[in-house]
Amino acid sequence: MTRRRIVIAGLAGLVLVLAAASLILGRTSLPLADMLAHPEDPLWAVLVQLRLPRTLLALLIGAGLGLSGAALQGFTRNPLADPGVLGVSSCAALGAVLTLSLPFAFPLLQPLAAMAGALAGVGLLLALSGGAGSMTVFLLAGVVLNTIAGAGVALALSLAPTPWAVNGIIDWLMGSLADRSLEDVAFAGPFILVGLGLLVLTGRALDALTLGESGAASLGIDLSRTRALLAAGTALAVGAGVAVAGVIGFAGLVTPHLLRPLVGARPSGLLWPSALGGAAIVLAGDLAVRLTPSAAEVRLGVAMACLGGPFFLFLLLSLRRRMA
Amino acid sequence: MSGVLEARGLTLKRGRREILAGLDLSLNRGEVTVLLGPNGAGKSSLLAGLCGLLRPASGKVLLDGEDLSALSPAARARRIGFLPQTPEIAWPLEVRILVGLGRTPHIGARGLSGEDARIIDAALAEAGAADLADRDASTLSGGERARVMIARVLAGEPDWLLADEPLAGLDPGCQIDAAQTLVRRARAGCGVVLTLHDLTLAARIADRVLVLAEGKLLADGPPEVALVPDVLARAFGVRTALRRGPEGLSVDILGR
């Protein structure tokens, strides 16, 4: 217990340091001491209008991805579960993309469609994995969702009415935190926070699920309530994130794995640390793409996929070794 | 009506297949009841029905006269502990944490208290698993695992303990240890209901034997009444002999 607290404190410290770095560092590094002496310095606009939303979104989206990854892994007893791998993020992107072909639009249409897409994805996934849901069925369901969402997005791309729409679609596919505004934070923040709150409520059920579904049910766990909390929480946390920043993969997969050796494998004990760890990973990833000297900034979603792909491979190899 | 678990006209289905039809049964606390029957006879389904995990297609299960389906899942779980066949352990948890999961229906939203910790230690000791408390549960042998899973269900301090094949796959020594743990709990007032395949073990530990075949009860009574050759021939299609030796009853299987 104390060890877990030390890790949580350490992660919180790491998140604070990374958040501070994210505010100060970038293509233009901010001379904070000078700025404090001159409140009317135009650089304050860079800090408040550009860096602050980016940092807050990285925090929120990272926490959402880390926590939903940990909760999905706990629920499915499957170390490969993650909103990206299982197609939840792609379904959210599909939801947002489909709104481009609608004849009408209103301000919250795209984000709401992204969350609806995520909810449909995670609902389908949990329905398919219920009962005799083995690891195989579950991962295949993820493959199916990713394929369907991918096909839908490809169709939307090929039917896109304008080059502007094509750019919009690509934005969702390759997530990025560049040029986001405080309005984006104000929109996505509450949804993500509610999602986090719902996911945290699943802790005790996830622990009991260590004993399998009938074991958990015999301990008085209401599995349909757990399934509903997980579906709604993931849809809100991941869907709202995708709505403002596009698809950012693998944070949900990687974070619980990195933390299990530190805080133990008990699913409820992994939830808060994974939220903090996910925030740290997305903050660090966003800092890395910002500070990499390249002509155009590499998109965060692409950078995370470059890191996450090999990690997934490594995980698969170690699983294979364990099963052999 | 205290201390009775009853099935009244209980019909259970898995999908569309009817497993048990209109079963009437009344079990008493303080007894070891052993369910016997060929594979597919519906033993596991009956256990699942009796502990409220499988909803009756018709009829009902009464716990001390109260309809089981009217109880909340947690209230039901506080009174009836269930050990599934081949219990899963999905994550490499410390044994003490795993056994602590047995307290789940009692603790609600709060964490484990000092009293819970004491009960967990007592359950570990009672199941002969105290020396395993700090081990990683994923590294346990079959026998160790069985002891830990029994400790897990004991930690819930249930009035009723239902276990599906808790002794399957254990060596003879481990079988006797595990069986004795369960019998002790029954003597302390718990209602213990087990499914078994070993007829002699059933004859030795059961106060009451239920023989189930093709969705019906073929026999219900003390071992010397229920384990007679005629019943076993109808249930399993084998010739047997029931003997009483100095160590108690035993069932010899003579052939088809």
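Taking a ≥ b ≥ c as the square roots of the eigenvalues of the alpha-carbon gyration tensor, segment B:65-201 is classed oblate because a/c is 1.5 or more while a/b is no larger than b/c.
Placing unit charges on the Cβ atoms only, positive for Lys and Arg and negative for Asp and Glu, gives segment B:108-168 a dipole magnitude near 120 debye about its Cα centre. Here the dipole of segment B:122-256 is about 400 debye; that uses its Cα centre as origin and unit charges on the Cβ of Lys and Arg (positive) and Asp and Glu (negative). Spin-label model, A:L43/A:A12: points 7 Å from Cα along the beta carbon direction are separated by 3.1 nm. Across the options A:L307, A:L65, A:T76, the greatest Cα extent toward the positive end of the charge dipole of chain A (unit charges at beta carbon of Lys, Arg, Asp, Glu) belongs to A:T76. Considering only A:G121, A:L52, A:L236, the residue lying farthest towards the positive end of the dipole of the protein assembly as shown is A:G121, judged by Cα position with unit charges set on Cβ. Bridge orientation summary for the protein assembly as shown: considering DSSP beta bridges with both residues in this region, about 60 percent are antiparallel.
What is the sum of charges, Lys and Arg at +1 and Asp and Glu at -1, for the other residues whose Cβ falls under 13 Å from the Cβ of B:G3?
Neighbour charge sum, excluding B:G3 itself: -3.
Using C-alpha pairs below 8 Å separated by at least 6 residues, the relative contact order for chain A is 32 percent.
For the protein assembly as shown, what class follows from the C-alpha gyration tensor (a ≥ b ≥ c being the square roots of its eigenvalues): rounded when a/c is under 1.5, otherwise prolate if a/b is larger than b/c, else oblate?
On the way: a/c = 2.87, a/b = 2.23, b/c = 1.29.
It is prolate, given that a/c is not under 1.5 and a/b is the larger ratio.
The mean number of partner chain beta-carbon atoms within 10 angstrom of a residue's beta-carbon across peptide B:68-80 is 2.
Ranked by the mean number of other Cβ atoms within 10 Å per residue, highest first, peptides B:209-222, A:106-119 order as A:106-119, B:209-222.
The angle between the Cα long axis of helix A:135-158 and the longest principal axis of the Cα atoms of chain A comes to about 40 degrees, rounded to the nearest 10.
Based on the mean of other beta carbon atoms within 10 Å per residue, what is the order of B:46-52, B:28-34, most packed first?
Working: B:46-52: 25.1, B:28-34: 18.4.
Put in order of decreasing packing, that is B:46-52, B:28-34.
Counting only other residues whose beta carbon sits under 12 Å from that of A:D171, what net charge do I get with K and R as +1, D and E as -1? Before the final figure, lay out each step's value.
On the way: positive: A:R180, A:R299; negative: A:D179.
Cβ neighbours under 12 Å give a net charge of +1.
Quick one: net charge around A:L315, please, counting Lys, Arg +1 and Asp, Glu -1 for every other residue with C-beta under 14 Å from its C-beta. Please list the in-between numbers first.
On the way: positive: A:R260, A:R320, A:R321, A:R322; negative: A:D82.
Within the 14 Å Cβ shell, the charges total +3.
I need to check one value: relative contact order of segment A:252-309, counting alpha carbon pairs closer than 8 Å and at least 6 residues apart, in percent. All intermediate terms of the calculation are to be shown ahead of the outcome.
Details: 27 pairs, mean separation 15.6, N = 58.
Taking the mean separation of contacting Cα pairs over the length of segment A:252-309, I get 27 percent.
For chain B, the calculated P(r) over all alpha carbon pairs, in 10 Å bins from 0 to the bin holding the longest distance, is 7, 30, 35, 22, 6, 0 percent.
Residues whose amide H falls under 5 Å from that of B:G30, counting only those 5 or more places apart or on a different chain, are B:G189, B:C190, B:G191, B:V192, with hydrogens built in the peptide plane. Averaged over residues, the count of other Cβ atoms within 10 Å places the peptides A:270-276, B:175-181 in the sequence A:270-276, B:175-181, highest first. Between the residues B:L167, B:L217, B:L140, the greatest Cα displacement towards the positive end of the dipole of segment B:132-256, with unit charges on the Cβ of Lys, Arg, Asp and Glu, is found for B:L217.
If you count, for every residue in B:96-108, the Cβ atoms of partner chains within 10 Å of its Cβ, what is the mean? Display every interim value, and only then the final one.
Values: counts 0, 6, 4, 0, 2, 10, 3, 1, 11, 5, 2, 1, 2.
Partner Cβ neighbours, averaged per residue: 4.
Residues whose amide H lies under 5 Å from that of B:A219, counting only those 5 or more places away or on a different chain, are B:V211; hydrogens are built 1.01 Å from N in the peptide plane.
In a reduced charge model with +1 at each Lys and Arg Cβ and -1 at each Asp and Glu Cβ, chain B shows a dipole moment near 660 debye about its Cα centre.
Given contacts defined as C-alpha pairs under 8 Å and at least six residues apart, what's the relative contact order of chain B, whole-number percent? For chain B, the relative contact order is 23 percent.
Each value in this text was obtained by applying a stated rule to the coordinates, not by laboratory testing. What you see is a predicted model, and the numbers here were worked out from it, not measured in a lab. Using ideal geometry, Cβ is built from the backbone for each residue, glycine included, and neighbour counts are taken over all protein chains shown.
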